[in-house]
Structures are given as C-alpha cells and as structure tokens.
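Reviewing the structure listed below.
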Amino acid sequence: MLARLGLCLGLLTAACSSQPELGRWAGPSASVGARTEAWSFADRKGRILISPHYRIHTTIEEEDVLEMLPDVMEGAYQMYREVVPQVPVSQRPLECFIFHWRSEWDSWTQKYAGSDAKTYLQIRSGGYTILDRSVAYYIGRQGTFSVVAHEGWHQFAGRHFKGRLPPFLEEGMACLFETITWKDRLPRWNLSINAPRAQTLRKAMDGNLLFPLEQLCSMHAGDIVGESSEKIDTFYAQSWAFARFLWEGENGRYRPAMQRWLTDTANGTVWDPTRSHARSYAPWLRRAVGPMIEHYLEMDLAEVDRRFQGFMRKVAYEELPAHWRM
C-alpha cells in the first residue's frame, strides 16, 4: 500500500552542487512496444496494455501516458529482478488496474476488495495490492508512475515469494522504486534517491517524531492508514530508509544479508523462530521480526538500531540536497 506524499521542494542552496552524486541510474534500453485490447468497467470504455510481464487494465485516456505505462512497469520489473536476481519468476503476466478517476477506483474497490475495502478506501492518494494484483488511479503522470512502480514490487513479491516479508520491510522495498526520471523517453531508476521520503525523514528527525526500530519493525501499513498524514509519511519514510540501509548502508555491508533474507523468503525457507513468515498465506507475528533482523544482520537489535539511526542522520542532513538534484 502506498500513501503518496504532497511535499514541495524547499530552498536548497547552491552550495548543494558540491555534494557527491548518489547511486546510479538504470533502466530499459528500448521500449517494449505493448499491444492493446478493448476493455471496460462500469460502462466506462478503456483498454488493456499487454507487455511481456503485464496486462494493464486502464481507463486513462492520455495517449502519452498510455505509451509510457508499459515501459514503466517493465522497467520496474527489471529493477525488482536486479534486487533479487536468484528468485525464479513466473511467465504468467501480472494484472494491473489503473483507473482515470478516483470514483472508478472506489467502485472497483467496493466490488472486489472484500473485507479489506474499508481499509483501502481510507487511502488518501495512492494504490494497493491484493495478492499479486495492483489497483491504482491517476494522480498526474509522475505521481501515477511512482505509485504503480511501488505497487509493482508488492505484486512481484505476491506472485514470486512463497513466504512473506515483514510488512515494514516490504513497504520500504517498494519505496525504493518510486523515483523515476526519463532519458530518451525511457524510464530510469536510482534506488538511492527519493526526495520526498528523504525530506519527510528530515522533518521527522527535526520534530523528534521517529518510531523506535523495535516499534517500526512490528508495524504494517494498516496500523497507520487512518492516522495523521504526519504519522503515515514518517512510517513510509523510515521504512524506505531501512530498506536503503540494508541495500547500501556502510558501503553495502548489509546487502548480501538483505538479498539472502529476500531469497530465503521467496523460497519459503526464511529463518523465523515463530515460523509465521515461511508461508505467504499464514498470519504474520510481530514478535518474529526483531529476531529475524538480528539473525540476518548478525547483531542484536539495539546495535542495528544504533547504526540505522546514524544512517538516517546521514540521509536527512548530509544527503538531502543531493536527492533533489536529479
């Protein structure tokens, strides 16, 4: 689930130009050239955009957005595979539903989301994923692309992971794929950069609003969906920061452990003393997450928290200007 941010770029001085560049940009080398089929929902005419890994059902009418959407989804899929390269993948296309209007999204959610509809309808701006099917609506070109790339990670995990990640980590991973830029009309990702999340992290640190790691790692999006925007944004920003910490903290020290954790979860062999994360359909237990972190990072949670706090300070205070310079 993604709660989109509505943050504006503040006054970041010209001194920022001396900051080192973050990460690297990557993406597809050519357009996928998707084909289309007719589709409709509730008497609203739309179409299905068909690419190698996706069937995108949409009522969006803007031709440039329709042209770009399959490249965004396929490019994001390529990035998911880069993060977990050893996970076997299905050849069956993933289904996306991207509506032009919020009212269409509401109608779809009420009709197909079952008992979860009440929770999803509280989302103020964004999308959600049920199993391996994502549902979003149009919030402007770049906002929509960010949402569908975020939800695409949930789809990818929902389809290919036999086990389940702790919810905060799955949300943090999804946030890694939100920042998209364009070169020669092709999408590009940089897993190190997410300006709105970094800005929110700075605000939370300045306001002493951060969740302790012990609390953060036991949370899921449903815990905060009805809370203030401030709490929602802080949850996502910290979850993103923890995923980045695992991906590149201390010069990539934790990346092998992260990828082992992801691969074990995908294989259904994740280390978990409660055995609640080995199957995606089993209820997860909050008390399992701390010990899982300690096992994969090979240090106690207090030490992980200390190092994570240092990483967040680096992101919020040292790196922040570089996030806005894309």
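Quick notes on this one:
- Some residue of the range 232-251 being hydrophobic (A, V, I, L, M, F, W, C), touching an Asp or Glu at 6+ places or on another chain (Cβ under 9 Å) and not in a helix (DSSP H, G or I): no
- On the stretch given as the range 285-306, residues that are touching a helix residue (DSSP H, G or I) at 6+ places or on another chain (Cβ under 7 Å) and closer than 19 Å to residue 238 by Cβ total 8.
- Filtered residues of the range 151-169 (kept if closer than 16 Å to residue 76 by Cβ and buried (at least 23 other Cβ atoms within 10 Å of the Cβ)): 151, 152, 153, 154, 155, 156, 157
- When 46, 10, 6, 27 are screened for being among the small types (Gly, Ala, Ser), under 25 Å from the mean Cα position of the chain (by Cα) and modelled with pLDDT of 95 or more, only 27 passes.
- Once the range 224-267 is narrowed to residues that are of a type in the set (Asp, Glu) and in contact (Cβ under 8 Å) with a residue 12 or more places away in the chain, the residue that is farthest from residue 304 (Cα to Cα) is 230.
- Restricted to the range 12-121, the set of helices (runs of 4 or more DSSP H) holding at least 3 residues that are surrounded by fewer than 14 Cβ atoms within 10 Å (Cβ to Cβ) comprises 63-83, 102-112.
- Residue among 289, 270 that alone is closer than 23 Å to residue 222 by Cβ, in contact (Cβ under 8 Å) with a residue 12 or more places away in the chain and not in a helix (DSSP H, G or I): 270
- Among (1) modelled with pLDDT of 95 or more; (2) touching a strand residue (DSSP E or B) at 6+ places or on another chain (Cβ under 7 Å); (3) over 19 Å from residue 151 (Cα atoms), the one test that residue 40 misses: (1)
- Qualifying residue in the range 147-166 (condition: without any contact (Cβ under 8 Å) to a residue 60 or more places away in the chain, part of a helix (DSSP H, G or I) and either among the acidic types (Asp, Glu) or in contact with a Pro (Cβ under 9 Å, 6 or more places away or on another chain) (or both)): no
- Considering only residues in the range 83-123 that are acidic (Asp, Glu) and at pLDDT 95 or above, the one that is farthest from residue 30 (Cα to Cα) turns out to be 106.
The values are calculated or read from the model by the stated rules, or taken from the named source; none is laboratory data. Here the structure is a predicted model, which means the values were calculated and not measured. Note: ideal-geometry Cβ built from the backbone for every residue, glycine included; neighbour counts use all protein chains shown.
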